[in-house]
1. Checking B:PRO51 against (1) modelled with pLDDT of 95 or more; (2) more than 20 Å from C:LEU383 (Cα to Cα): exactly one of these is not met. Which one?
2. Being touching a residue at least 60 places away in the same chain (Cβ under 8 Å), of a type in the set (A, V, I, L, M, F, W, C), within 10 Å of chain A (Cβ to nearest Cβ) and assigned to a helix (DSSP H, G or I) narrows it down to one residue among C:LEU349, C:LEU328, C:LEU311; which is it?
3. Output the residues belonging to segment C:376-414 that are more than 8 Å from chain B (Cβ to nearest Cβ), assigned to a helix (DSSP H, G or I) and of a type outside the set (A, V, I, L, M).
4. List the pairs whose first member sits in segment A:53-79 and is of a type in the set (Lys, Arg), whose second member is not in a loop (DSSP other than H, G, I, E, B), and whose Cβ atoms are under 8 Å apart, counting only residues at least 6 apart or on separate chains?
5. Please indicate, with yes or no, whether at least one residue in segment A:271-289 is within 16 Å of ligand 1 (Cβ to nearest atom) and surrounded by 14 or more Cβ atoms within 10 Å (Cβ to Cβ).
6. If B:VAL90 satisfies every condition in (1) under 30 Å from C:SER353 (Cα atoms); (2) out of contact with any Ser or Thr (no Cβ under 9 Å at 6 or more places or on another chain); (3) facing chain C (nearest Cβ under 7 Å) but one, which is the exception?
7. Is there any pair with a first residue in segment B:15-31 that is within 22 Å of C:ASP332 (Cβ to Cβ) and within 9 Å of chain C (Cβ to nearest Cβ) and a second that is in a helix (DSSP H, G or I) and polar (S, T, N, Q) whose Cβ atoms are under 7 Å apart and which are 6 or more apart or on different chains, and what are they?
8. Of all residues in segment A:199-243, which are of a type outside the set (S, T, N, Q) and within 16 Å of ligand 1 (Cβ to nearest atom)?
Amino acid sequence: MASENSSPSSTGTSATANAQSGAWEVVIGLEIHAQLATSSKIFSAASTAFGAEPNTQACAVDLGLPGVLPVLNREAVRMAVCFALATDAEIGRRSVFARKNYFYPDLPKGYQISQMALPIVGRGKVEIVLEDGQKKSIGLTRAHLEEDAGKSLHDEFNDMTGIDLNRAGTPLLEIVSEPDLRSAAEAVAYARKIHALVRYIGICDGNMQEGSFRCDANVSLRRWGQQELGTRTEVKNVNSFRFLERAIEFEIERQADVLESGQAVIQETRLYDADRDETRSMRSKEEANDYRYFPDPDLLPVEIDDEYIESLRAGLPELPDARAQRYREDYALSDYDAGVLTSDRATADYFEAVVTDGRVSPKLANNWLAGEVFARLNRDNLELADSPVDASALAGLLIRIEDNTISGKIAKQLLDDMWAGKGSADDLIEAGGLRQITDTGALESMIDAVIEENPGQVAEYRAGKDKLLGFFVGKAMKASQGKANPAQLNELLRQKLKP
Amino acid sequence: MSLTPEEVEKIAHLARLGVDDAELAEYAGELSKVLGLVELMNAAETEGIEPMAHPGHASNRLRDDLVTESDKRELLQQAAPAVEKGLFLVPKVIE
Amino acid sequence: MHDKNLREVAEHLDSRSISSEELTRLFLQRIDTHDAALNSMITVCAESAIQQAQVADKAIAEAGGTLSVNKPLLGVPIVHKDIFCTKGVKTSCGSRMLDNFVSPYDATVVEKLADAGTVMLGKANMDEFAMGSSNENSYFGAVGNPWDQNRVPGGSSGGSAAAVAARFCPAATGTDTGGSIRQPAAFCGLTGIKPTYGRISRYGMIAFASSLDQAGPMARSAEDCAIMLESMAGFDPRDSTSVDRPVENYRQQLVDAEQPNALQGLRIGLPEEYFAEGLDPAIATAVESAVKELEALGAVVKSVSLPNQHLCVPAYYVVAPAECSSNLSRFDGVRFGHRCESPVDLEDLYKRSRGEGFGREVKRRILIGTYALSAGYYDAYYLKAQKVRQLISDDFQQAFSEVDVIAGPATPTTAFEKNSKTDDPVSMYLNDLYTISANLAGLPSISLPCALADGLPVGLQLTANYFDESRLLKTAHSFQLQTDWHTQCPPDYV
Ligand SMILES: [Mg+2]
Ligand SMILES: [Zn+2]
């Protein structure tokens, strides 16, 4: 959804700050599962499209029928390597698929094909910006390719669970961070950063509601100064950044309570319940897992050479950090504005299209895009790509502000009309006679009429009641039907009202 | 290494194999014998030897990202023990 | 006509001295008459076989023969091991688990042989999930050896071997994970080849141990195997371990090699470790005289060493069970296969469906494999076995720097009596000590009949380096041009 994807973080920090300032240091690592934006599955030629009828996109390979075999999707490999390049990460020149063995009805083969000892992406890092504007580098432990499982539907039938395997075999990149995060806010900033990156390089659509981008948080507390990590819990099932923050904050408070009452935190998986805003233990009986990982004998090691890596590096788009820096330097935008505009590629591309021919100033373009356009997108629950007003249409409107044809106020009304599909800025200006009045003679005669009609106020103003200037501006603007150039109007009024 | 029936029970659980008590004892005996055979490997000097997962040294072949499978649900579910509304049915899973 | 081998049958079809339909009905009749006792078949596809034969006959009539359409197998009736998925036909893999499984698709091998024009008479019995060396582990009952009904035909491709030996068909498909083509071929007096790993697609062949499994033909001569192999082999984009390398014209290479002194310059190695304790003296004698025959054809024989030979069986019984424990997890009673009555919960569904669906040997191997991969044991068992596997493979490469072909016995004994080893898995496993190493290393290996001992066939095994199938076939063919062990027929099936 648009609000999750494009609006800046407005994270409250009070709860975290409390825990931080107490006896405990918070340690968080995230595991993010990004669904790769391939057309077909990671090991089969079935479609990955979302929302199909149950099991209509589960082919023989996805169902794990007797005799079927996996064949790796080239595109999934390309995307993983692009991610490595975007996070300054090591690339596994020889990576190996392994089987993770466990029984669950949504796991058709009784094992998940994943990577264990030799992942395709090794150590890397990303930079996040903290609340106070400080930058912090967050380490990536690894990222590996794996297949997704299917879905269990528990509410469809009375005493049975239904299994839909459409999602089984969808390619995932599991991105594991170091335990470098120290608050819920940092965790969210990191998750947003990864979210922006994967969308930027076009390897994941980032749709959290559809499960394309899923975060699990490993949370633990330890006494300040303590070296070893405390016992962690893994919080799963968080499908928005807001919930991620809430879930971590809840978990921090819960663990602090447990520790302060002298008890020990139990290592377990906990589920975030958004309705109750709490986490709860996922398994009543803690069962020790023994996944019996071993190299998948159906797949050979994936080998990646320099030539391939360099060809992908050459095709990589300008990344958000580099782009933001360019915006600060070339467009004189603030850190904050540059950060928002570059947080996703579509926004940055839109922005650059508006300012491209130099007729619209970057500041004006930023204000209108981040303000008016985003507000309307959020209201209508649209993505920027689906905006009824595209970059060139917005530029057409903003040019008319820059050349004083219309006022900002008129422009806002025009944007609404353009949004409703009523025409371009110029057409609407023409048809509505909305051209701003800048002719001094015309403005003077309007002002003269206002002065004549309000002798009492004129006397008061001239006696020193400066505040009344606004009264005259309002009257004159109304007389112009809002079309007077405000700056000019102000100036002329001041002159005419001089005692 | 000789296995006890209790150990066999743990392995059988991991493998989700229903095995009754009488069988557990038999398996314990048989598996212990097999492990005895297998452990002849221990005499081999394997320091510095690369583990061999596949014959040959080929690297993995990749397929193009093309959707060539169409919906064959009806055909593929003919072998299924329980299906309703296109879903495979299992006893209720409690999360 | 039933005693004709594959090449001869094909020639008769080509010259139209017999129709495929006549031939098909003849073989179906033989199965009908004899298989109640032998039990080599799990499924007989009489109706569809006759239909396929009629289609073939039409094509032969239109083309004026089989060779003019370049389909040497057009109209030839064969049998598939029931491990290969066959669309619309029950594919049981010898298991109760799949007793009700009708495959929705064809294995690549099945597809390729159908494209080559073969007629499928039915599906052959086998050890459950290919785990066994006697075919006594089939849910559908043990199979008799046509040479002696009280003896085993070998396994796991025991049904295929018995069917070809009993003259129910001129050729059959098999699979070989640790000797499952070569050992039954040896026990039943057939020629069977396990090609290089990756030569034949594994797609649609129900996996036992993926890094060891390889399909191959079982027939009455090396020449027949060459004809079959040409149609079965080839790159398959659906199998990541399939090798993208052109298929050789195996048959033509044999014809080219038909000359006296055909084996001039061939270097044959005899591993000293093969002729050690446990080898039946009658077999040792038979193999030695077969090697003399090869020498007479121009081959040079020398002694070689495979120092880790004694570790093959131990390493195999970790690698194969480990892979099978994972490969067989998909049989969980959810999407296909056996499901227990009224499961009370998920765990009950899994445990009873699998407990009931799998037989004893399969469960035994799943347990061994699960144990070998489990936390705390992985390094000592699985990883160790992978390293030993490397040693075994290295031994072969060392030997192949000196010789072209390694010769030896295919089995330590001739076909043993039914029920003689069922109580002792270890003695059963040791039966495969000569065949397993080729699977661990991924090498091509052939077994061909070289003697009769007390009226039972003896197999000579030849192993070559990667993708050197044609050398194996040529060597075996040259031998068969000079000898008649491969033409011997079990007396009851003449
Ligand atoms: Mg994980
Ligand atoms: Zn994962």
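The values are calculated or read from the model by the stated rules, or taken from the named source; none is laboratory data. Not measured: the values here are computed from a predicted model. All Cβ positions, glycine included, derive from the backbone under ideal geometry; neighbour counts span all protein chains shown.
1. Here B:PRO51 clears every test but (2).
2. Selected residue: C:LEU328, the only one of C:LEU349, C:LEU328, C:LEU311 that is touching a residue at least 60 places away in the same chain (Cβ under 8 Å), of a type in the set (A, V, I, L, M, F, W, C), within 10 Å of chain A (Cβ to nearest Cβ) and assigned to a helix (DSSP H, G or I).
3. Hits for segment C:376-414 are C:ASP379, C:TYR382, C:ASP394, C:ASP395, C:PHE396, C:GLN397, C:GLN398, C:PHE400.
4. A:ARG74/B:LEU62; A:ARG74/B:ARG63; A:ARG78/A:LEU312
5. The answer is yes, given that some residue of segment A:271-289 is within 16 Å of ligand 1 (Cβ to nearest atom) and surrounded by 14 or more Cβ atoms within 10 Å (Cβ to Cβ).
6. (2)
7. Listed by first residue and then by second, the contacts come to B:ALA15/C:SER325; B:ALA15/C:THR370.
8. Listed by number, the residues that qualify are A:GLY211, A:PHE213, A:ARG214, A:CYS215, A:ASP216, A:ALA217, A:VAL219, A:ARG232, A:GLU234, A:VAL235, A:LYS236, A:VAL238.
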